[in-house]
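Below is one structure, written out as structure tokens; comments come after it.
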Amino acid sequence: MTSVLYDTPGPKAKARNWIYSGIFVVLFGLVLWWALSLMGEKGQLDADKWSPFVTDSQVWTTYLLPGLAETLKAGALAMVIALPLGALLGIGRLSDHAWVRGPVGAWVEFFRAIPVLMLMLFGNALMAPRFLDVPSDTRPFWAVVTGLVLYNSAVIGEIVRAGVLSLPRGQTDAAKAIGMRKGQTMFYVLIPQAVTAMLPALVSQLVVILKDTALGGALLGFAELLSSNRQISANYSNTIPSLVVIALIYIVVNFALTTFASQLEGRLRKSKKSTGAVLGTDEIDDPVPGANTAAGA
Amino acid sequence: MFDFLDSGQYDVLGAFWVTVQLTLYSAVGSLIWGTILAGMRVSPVPLLRSFGTAYVNLVRNTPLTLLIIGCSLGLSQTLGISLGGDTFKETGFRLAVLGLIAYTGTFVCEALRSGINTVPVGQAEAARALGLSFFQVLTLIVLPQAFRAVIAPLANVLIALTKNTTVAATIGVAEAALLMKEMLENEAQATFAVFAVFALGFVLLTLPTGLLLGWVAKRVAVKR
């Protein structure tokens with residue numbers, strides 16, 4: 001194993017690595033011991049705080065799984081609405097007509113610059129009796145979906161634009177040469193390839209959307225996965241264990257999605273059928289005004 | 001239409017000042033923490049590498065909201081850690097900064113790591129041939145070039161961080177999003193005006209950052 005930064009370790013370097021590992025283990029152990037003893041002091045390590053997750057199936061059927069279902073439902077719905085909307089925005093930004101390009105560009109940049117939480121709060125205000133009058137039991141759900149759609153359609157618009165621009169220029173030239181109009185070039189040649197190229201980026205955007213649903217639970221009373229922590233810890237007074245379990249569920253789901261995205265990326269990069277243009281999970285960046293697609297809340 | 005701004009009832013500027021402070025403290029913190037993490041992830045010690053990888057993968061896939069609420073409910077209310085804050089307000093602010101650093105550090109780490117990959121292998125080989133140690137190669141040769149290569153991605157992380165500070169509203173830190181929530185509830189007749197004010201505030205915060213750092217990124221880029 002070699003790297004840019006260091007050689008394959010010789011006997012001396014190996015000994016040094018062991019020393020560093022030892023120091024790290026001691027430091028890490030100290031922090032862990034401190035944290036665990038503090039948790040033990042406050043009774044968070046007691047078996048009965050953790051056992052409900054194994055022994056009491058009600059924790060799962062009443063709180064965690066319904067919460068996860070709401071999270072997935074909101075995320076999936078937001079993605080399904082934001083995708084076509086984002087595709088339209090992306091194509092709009094590539095338009096030849098300034099009167100389309102300008103406003104669409106402004107729309108995309110505006111909604112990318114605003115925190116998704118604010119869009120959710122705004123969505124919540126729009127759902128109020130004064131405007132749309134959504135029944136109060138489904139209002140948090142729709143507010144969250146509205147916020148997610150407004151924000152993510154703008155981000156997906158950028159992904160689509162980057163996807164089309166990542167295609168080799170020859171594609172457009174060839175389409176023009178056989179007499180295709182601009183619209184035909186876009187819909188028959190560029191978009192299908194761009195969609196393939198940007199699949200990995202889209203899958204990893206789903207992780208951002210799923211993470212963002214947690215905001216709705218914290219501020220709008222949306223009954224998603226994270227907010228199930230409140231009820232669980234109220235019943236079993238196990239704040240830390242329930243937070244840990246919820247975090248693990250998020251990590252498992254999102255890690256699965258991330259892994260899928262990078263495998264997809266690898267497959268697309270290798271396959272001979274594609275033009276070779278693949279938009280990786282971290283490659284969308286346009287610093288002005290910029291939204292790192294992977295860095296959502 | 002905007003008369004709610006004149007009533008003196010809402011301190012919009014004060015709320016945005018808290019947002020700016022949250023951003024600055026977390027930015028400095030996550031730059032340091034992210035650099036340490038990146039150092040671990042490229043280090044020759046396997047244990048440090050696996051710790052870095054595990055940390056980044058775990059934290060990146062956890063919602064920031066969960067981290068910040070975990071800091072508040074778990075660290076502060078359950079374990080009684082107040083980070084030296086005397087008042088509820090101070091403690092909340094510090095806990096939010098801690099959560100933001102823990103989360104944003106992973107993105108800084110990944111940006112830096114991709115920057116390290118832009119440095120040609122030959123340079124590090126030459127440096128090693130001169131007898132520089134891993135630490136010297138990293139801090140004298142590789143990181144200075146890596147930092148210059150990743151200013152644009154780091155600008156994106158900074159902008160995302162600015163927007164993410166709104167999550168602090170979930171533990172009651174009096175920043176822009178919390179005030180917006182309060183104003184939307186109280187000033188229902190001015191929903192769009194309230195939204196416009198806060199949206200403008202964020203555009204004003206993020207747009208110059210993006211433009212400035214984009215310009216800097218072009219100026220300092222290592223031409224290859």
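The values are calculated or read from the model by the stated rules, or taken from the named source; none is laboratory data. Keep in mind that what you see is a predicted model, and the values were worked out from it rather than measured. Here the Cβ positions follow ideal geometry from the backbone for every residue, glycine too, while neighbour counts run over all protein chains shown. For the accessible areas, the whole protein counts, side chains as well, though only heavy atoms, and no ligand, DNA or RNA atoms are used. Shrake-Rupley method; radii C 1.70, N 1.55, O 1.52, S 1.80 Å.
Cα extents of the range A:127-171 along the three principal axes, largest first, in whole Å?
Extents along the principal axes, in whole Å: 53, 16, 12.
For chain A, modelled as a Gaussian network with Cα springs under 10 Å, which listed residue fluctuates most, A:Ala154, A:Ala74, A:Ala174?
A:Ala174
Kindly provide log₁₀ I(q)/I(0) values, in the same order as q = 0.10, 0.11, 0.12, 0.19 Å⁻¹, from the Debye equation applied to equal alpha-carbon scatterers of the range A:28-176.
-0.62, -0.69, -0.75, -1.09
By how many degrees, between 0 and 90 and to the nearest 10, does the Cα long axis of helix A:191-219 differ from the longest principal axis of chain A?
40
Grab the other residues whose beta carbon is less than 14 angstrom from that of A:Thr172, score K and R as +1, D and E as -1, and report the net.
Once positives and negatives cancel, what remains is +2.
If you roll a 1.4 Å probe over the heavy atoms of the protein chains, what accessible area per residue do you get for chain A, in Å²?
Accessible area per residue: 48 Å².
Using heavy-atom solvent-accessible surface (probe 1.4 Å) with all chains present, what is the largest-first order of A:Ser228, A:Ser271?
If we order A:Ser228, A:Ser271 from most to least accessible, we get A:Ser271, A:Ser228.
For the range B:148-163, just list the computed ³J(HN,Hα) in residue order, Karplus coefficients 6.51, -1.76 and 1.60, θ = phi - 60°, integers in Hz, with x standing in for Gly and Pro.
5, 6, 9, 4, 5, x, 5, 4, 4, 5, 5, 5, 4, 5, 4, 5
Hey, what D do you get for the range B:1-132 in µm²/s if you plug the Kirkwood alpha-carbon radius into Stokes-Einstein at 37 °C and 0.692 mPa s? If you can, show how the numbers build up before the last one.
On the way: Rh = 17.5 Å.
Diffusion coefficient, whole number: 188 µm²/s.
Rg and Dmax in Å for the range A:73-123, alpha carbons only: what are they?
12.6, 38
Counting other Cβ atoms within 10 Å, keep those with at most 13, restrict to DSSP loop, and tell me which GluC sites (Glu not before Pro) in the range A:38-137 are left.
On the way: sites: A:Glu41, A:Glu70, A:Glu109; in loops: none.
Here no loop site has a sparse enough neighbourhood.
Provide the per-residue ³J(HN,Hα) series for the range A:106-115, in order, calculated from phi with Karplus coefficients 6.51, -1.76, 1.60 and θ = phi - 60°, each as a whole number of Hz, with x at glycine and proline positions.
4, 4, 4, 5, 5, 6, 6, 7, 9, x
Provide, as a two-decimal number, the C-alpha radius of gyration of the range B:1-72 over 2.2 N^0.38 Å, N being how many residues it has.
1.71
Give me the Å³ per residue figure for the convex hull around the C-alpha atoms of the range B:128-224. Write down the numbers at each step before the final one.
Working: hull volume 10.6 nm³, N = 97.
Roughly 110 Å³ of hull volume per residue.
Would you mind giving the three semi-axes, in whole Å and largest first, of the ellipsoid equivalent to the range A:18-67 according to its Cα gyration tensor? It would help to have the intermediate numbers written out before the result.
On the way: eigenvalues 229, 42, 13 Å².
Ellipsoid semi-axes (Å, largest first): 34, 14, 8.
Helix-only mean residue ellipticity at 222 nm, chain A, DSSP H runs n ≥ 4 weighted -39,500 (n - 2.57), per residue, nearest 500. What is it?
Numbers: 11 runs with 201 residues, N = 297.
Helices in chain A give a 222 nm mean residue ellipticity of -23000 deg cm²/dmol.
Pick out which of A:Val252, A:Val155, A:Val207 has the largest mean-square fluctuation in a Gaussian network model of chain A, springs linking Cα atoms closer than 10 Å.
Highest fluctuation of the listed residues: A:Val252.
With the cut-off at 25 Å, report for the range A:146-253 the share of all Cα pairs above it, as a whole percent.
46
If contacts are Cα pairs under 8 angstrom and at least 6 residues apart, what is the relative contact order of chain A in percent?
22
For chain B, compute the orientation-averaged projected area of the C-alpha convex hull (one quarter of its surface), in nm².
If I average the Cα hull's projected area over directions, I get 15.0 nm².
Over the Cα atoms of the protein assembly as shown, compute the convex hull volume and normalise it per residue, giving Å³.
Numbers: hull volume 93.4 nm³, N = 521.
Considering the Cα atoms of the protein assembly as shown, their hull volume per residue is 179 Å³.
For the protein assembly as shown, which whole percent of the accessible surface, found with a 1.4 angstrom probe, sits on carbon and sulfur atoms?
Answer for the protein assembly as shown: carbon and sulfur cover 67 percent of the accessible area.
Over the range A:38-93, what lengths in whole Å, largest first, do the semi-axes of the equivalent ellipsoid take, defined as the square roots of 5 times the eigenvalues of the alpha-carbon gyration tensor?
After scaling each eigenvalue by five and taking roots: 42, 15, 5 Å.
List the pairs from A:Lys49/B:Lys163; A:Lys42/A:Lys73; A:Lys211/B:Lys181; A:Lys12/B:Lys223; A:Lys73/B:Lys181; A:Lys49/B:Lys89 whose alpha-carbon separation is above 27 Å, in the order I gave them.
With Cα atoms farther than 27 Å apart: A:Lys49/B:Lys163; A:Lys42/A:Lys73; A:Lys12/B:Lys223; A:Lys49/B:Lys89.
Using only the alpha carbon atoms of the range B:1-42, find the Kirkwood hydrodynamic radius as the inverse mean reciprocal pair distance, in angstroms to one decimal.
Radius from the Kirkwood sum: 12.9 Å.
Using the heavy atoms of the protein chains and a 1.4 angstrom probe, tell me the accessible area per residue for the range B:73-215 in square angstrom.
For the range B:73-215, the per-residue accessible area is 39 Å².
Any chance you could give the angle, 0 to 90 degrees and rounded to 10, that helix A:65-93 forms with the longest Cα principal axis of chain A?
Here the helix axis deviates by roughly 20 degrees.
Rg(Cα) of chain A divided by 2.2 N^0.38 Å?
1.26
The range A:1-110: D in µm²/s via Stokes-Einstein (Kirkwood Rh, Cα pairs, 20 °C, 1.002 mPa s)?
102
Using only protein heavy atoms and a 1.4 angstrom probe, determine the accessible area buried between B and A, summed over both sides, in Å² to the nearest 100.
Accessible area lost upon association: around 5600 Å².
Within 13 Å, Cβ to Cβ, of B:Leu48, how many net charges do the neighbouring residues add up to if Lys/Arg are +1 and Asp/Glu are -1?
Local net charge: +3.
Calculated from DSSP H runs of 4 or more alone, at -39500 (n - 2.57) each and per residue, what is the 222 nm mean residue ellipticity of chain B, nearest 500?
Calculated at 222 nm, the ellipticity per residue is -23000 deg cm²/dmol.
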